[in-house]
1. Only four residue types carry charge here, +1 at the Cβ of Lys and Arg and -1 at the Cβ of Asp and Glu. Report the dipole size of region 29-114 about the Cα centre in Debye, rounded to the nearest 20.
2. Would you grab the residues whose amide H sits under 5 Å from the one on Val96? Only those 5+ places off in sequence or on another chain, please, with H modelled 1.01 Å from N.
3. When every alpha-carbon pair in the chain is counted, what percent end up more than 27 Å apart?
4. Calculate how many DSSP beta bridges within the chain are antiparallel, expressed in % of all such bridges and rounded to the nearest 5.
5. Taking amide H positions as placed in the peptide plane 1.01 Å from N, state which residues far from Thr184 in sequence (5 or more) or on other chains have amide H under 5 Å from it.
6. Give me the tail of P(r) for region 147-262 as a percent: Cα-Cα pairs with distance above 24 Å.
7. Using 0.36 nm per residue, how much length does the chain from Arg19 to Thr186 gain when fully extended, once their Cα-Cα distance is taken away?
8. In the neighborhood of Thr27, defined by Cβ-to-Cβ distances under 14 Å, what is the net charge if each Lys or Arg adds +1 and each Asp or Glu adds -1?
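Bear in mind that the values in this text are calculations on the coordinates, not laboratory data. Every value quoted in this text rests on a predicted model; they were computed, and no experiment measured them. Cβ sites come from the backbone with ideal geometry, for glycine too, and all protein chains shown count toward neighbours.
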Amino acid sequence: MATMLDGRAVARAVLRDVRAESAEFTTRTGKHPGLAAVLAGHEESAYAYFLAIQRSFRAAELAVRPIDLPVTVSESQLRHVLEELNRDPAVNGVIVLQPLPPQVPADLPSELLDPAKDVDGITPESAGRLALGLDHLPPSTPAGGMAILRHYQIPLVGRHAVVIGRSPVVGKPMALLLLAANATVTICHSHSRDLPRIARGADILVAAAGQPGMVTPDFVKPGATVIDFGVTFVDGRLVGDVDPAVADVAGALTPVPGGTGVVTNAMLALNTVRAAARQRAASSTATAGVQ
C-alpha cells in the first residue's frame, strides 16, 4: 500500500517560512506584503478557490484584498482594474481567478499583469525565465508539487519523471521544474501513443490532465511516486486524475483532497512575500541609481 504524501504537513511547513519572511519584511520596511485577488462574477469554482486562498493567507498572517467585479465586466474594465493594481504600491501580488466571463479573453491577465507582481507564473516573462533557468517566481501549483517531493525526500536526480498533461499552468512548468532538479523528463498528452506503457516507465508519475480517474494501476510502475494535480467535482465529491486503486501499486501517492491543493495556496503566499521583497530591492536599487 502506498505511503500517502500529506500535503497539509507540507503546507504547514511552508506557511511557517512565510510567517518568518513576512515578519522580517515588515520589521525592515514597516509594511505588510499584500495580495489582490480579482473575482469576476463569483463563479462557483473560482470563489471556492478564493476562499481556500484566504484560509491559507490567514494562517500565514497575510491579507488578501478581494477585487469583486460583476459577471458583466467588460474587457476594457478589467484592463483598467489590472493597470490600477500594477501601479498600486500596496499590492505586491495579483491573481486573477479563472474562469473569466466569456466576453473577456482568458489570456488578458497574462498579457497585462506586471511580471513583478505575477505570483502565479502566468506572464510570458515569468514563463520565459522558468524555461531559461533564470531567477523567477514559479507557478504556485507545480511549485507545490516540488515542495511535496522535497519535504518527503523523494529522490529526483537521474530519475525518470513522466508528466501527463501539458497545460501552461501545471504540466509544462512542472516538467521544467523537474528538469531543473536533474530528473529525466517525458511529457505526455492526449495524442501520446500507448500512454500506459510510457507512464509505467516513470519513477515519478505526475498526473495533470484534468481527467478524473484516468491514471489506473496499469499506468504505474510498482513503487513509483505519484503526484496527482487533478481537481474535479464528481457527484459532489472532489476527485483527482488518479484512480484510488493506484495506492495498491505505487510506493507513494498524494491524496485528493489533502494533497497538492493545500500546498498550492501556501506557495502562493510564499511567492507574495518574496515578490514584496524583490519589489523593495528593485525600488532601493532604482533610488540609489538616481542619487
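1. 360 debye
2. Val38
3. 42 percent
4. So the antiparallel bridges amount to about 10 percent of the total.
5. For Thr184, the qualifying residues are Gly158, Arg159, His160, Ala161.
6. For region 147-262, the fraction of Cα-Cα distances above 24 Å is 15 percent.
7. Here the answer is 56.5 nm.
8. My count for the surroundings of Thr27 gives +1.
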